[in-house]
1. Going by average Cβ density within 10 Å per residue, which order do the peptides 233-241, 280-288, 27-35 take, highest to lowest?
2. Out of every Cα-Cα pair in the stretch 1-42, what percent are more than 16 Å apart?
3. Starting from the Kirkwood Rh over alpha-carbon pairs, what translational D in µm² s⁻¹ does the chain have by Stokes-Einstein at 20 °C and 1.002 mPa s?
4. Could you please rank Asp51, Asp149, placing first whichever residue has the fewest other Cβ atoms within 10 Å of its Cβ?
5. How many percent of DSSP beta bridges within the stretch 74-332 run antiparallel, rounded to 5?
6. To make sure I understand the rule: partners must be aspartates and glutamates, Cα under 20 Å from the Cα of Lys376, and not fewer than 8 residues away in the same chain. Which ones qualify?
7. Net charge around Arg137, counting only other residues with Cβ within less than 15 Å of its Cβ (Lys, Arg = +1; Asp, Glu = -1)?
8. Under the definition of Cα pairs under 8 Å and six or more residues apart, what whole-number percent is the relative contact order of the stretch 19-70?
Amino acid sequence: MTTTQARVLRTEIPGPNSRELQRRRDATVAAGVASVLPVYITEASGGVLQDVDGNSLIDLGSGIAVTNVGNAAPEVVEPVRRQVAEFTHTCFMVTPYENYLQVCEELAALTPGDHEKRSALFNSGAEAVENAVKIARRATGRPAVVAFDHAYHGRTNLTMALTAKSVPYKHGFGPFAPEIYRVPMSYPARDGRPGEQVAREAVERIEKQLGADQVAAVLIEPIQGEGGFIEPAPGFLPAIAQWCRDNGVLFVADEIQTGFCRTGAWFACDHENVVPDLITTAKGIAGGLPLAAVTGRADLMDAMPPSSLGGTYGGNPIACAGALGAIRAMREQDLAAAARAIGDLALPRLRALAEDTDAILDVRGRGAMIGIEFVKPGTTEPDPETTARIAKACHAQGVVILTCGTYGNVIRLLPPLVIDHALLSEGLTVLEEAIREHAR
């Protein structure tokens, strides 16, 4: 790590150099590409981001759950440097290379289940989801795909159809891909019902409105991300997975945000021993380089005709080198245990704070994937305005946090799994002070 692991504020946030760069941005970058915090980064490592004004910010976002192993991790940097010097691209579909195979071997070993598996590599989470849907439809011969309330699966046309939230992701961008259907999601803070009961309601809706024999796949985030860090009640995921097995429907786990040690296990499905037919991964897989994958049962993956899967940059050799380094770091440093330790530090503090205010509906999460849901005091009415004020106050104090949720009322914490605990504790103190000031 080259960046000092400390919060340092030399200017206001954003500082003058960042504001100057923002003026240049306004003249050249499309307005539809927004940034949470317009500070311009020059260096990052561990749990710190350094900006062009010399400020060092505590990173509780990890580039949206991407830099699980920390920014510029040596285990990622060195193999990437070697690969760049050797060759940067041939296209795996033209002339292949070994590190693509090695990534697929790692995925076969790490993803849930001990069955024989195959993988195909892509560039982004949305691309992985689209290909999972292609595979499911081709393998089953069925058209329908079921997604859930509060789901987020991407911004392409098909994944917008799968995503539940309209603004800003879908509004005005239709029409969307057909044969996408939505059913209830277990949301313990709001429905308070056992997981099996909500699963029965979801299944009944599928059977009544579609018929099981029309469904190619049920697609679900084991813990929802953008939808609000919603962790379904125990029993919900196993019940849905069992219905899929009983009816020849593919259970597809979108582990793009939850995967690679983020929740305290290699994958969130592991917490309830759920084994998906297909699993999509991206974000944390390659330490900050663009890489994604669909991994699934060998019989399903091998049923795809030659050249029906792929893409020019899918499984780029540089990204594959980064992935192998990131996976090595996760394994050698036991970053699943590190994620659990982050949760053990953060969750009790935040839950104690929630006891102090009736503006917090719920503090939830697993490992280093934690959400705080804000409501109008004494009600269950979402309070996105207070949530935004808290986030803004944290940003001004040099702590990068993100918001999410269907109602925009959840603060999400996604620190790098290698963050120094003193630094994390300092970031939590800033957050607690902002909550005390703005959520009363």
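Computed from the coordinates by the stated procedures, all read-outs in this text should not be read as laboratory data. Here the structure is a predicted model, which means the values were calculated and not measured. Every residue, glycine among them, receives a Cβ derived from its backbone with ideal geometry; neighbour counts consider all protein chains shown.
1. Values: 233-241: 21.0, 280-288: 28.9, 27-35: 7.9.
The peptides rank, most packed first, as 280-288, 233-241, 27-35.
2. Details: 386 of 861 pairs.
That fraction is 45 percent.
3. Values: Rh = 22.3 Å.
The calculation lands on 96 µm²/s.
4. Values: Asp51 25, Asp149 17.
Ranking Asp51, Asp149 by Cβ neighbours within 10 Å, fewest first, gives Asp149, Asp51.
5. On the way: 10 of 24 bridges.
Of the beta bridges lying entirely in the stretch 74-332, close to 40 percent run antiparallel.
6. Partners found: Asp191, Glu355, Asp356, Asp358, Asp362, Glu385, Glu432, Glu433, Glu437.
7. Numbers: positive: Lys134, Arg138, Arg142; negative: Glu130, Glu179, Asp213, Asp277.
Here the charged neighbours net out to -1.
8. On the way: 40 pairs, mean separation 11.4, N = 52.
Dividing the mean separation by the residue count of the stretch 19-70 yields 22 percent.
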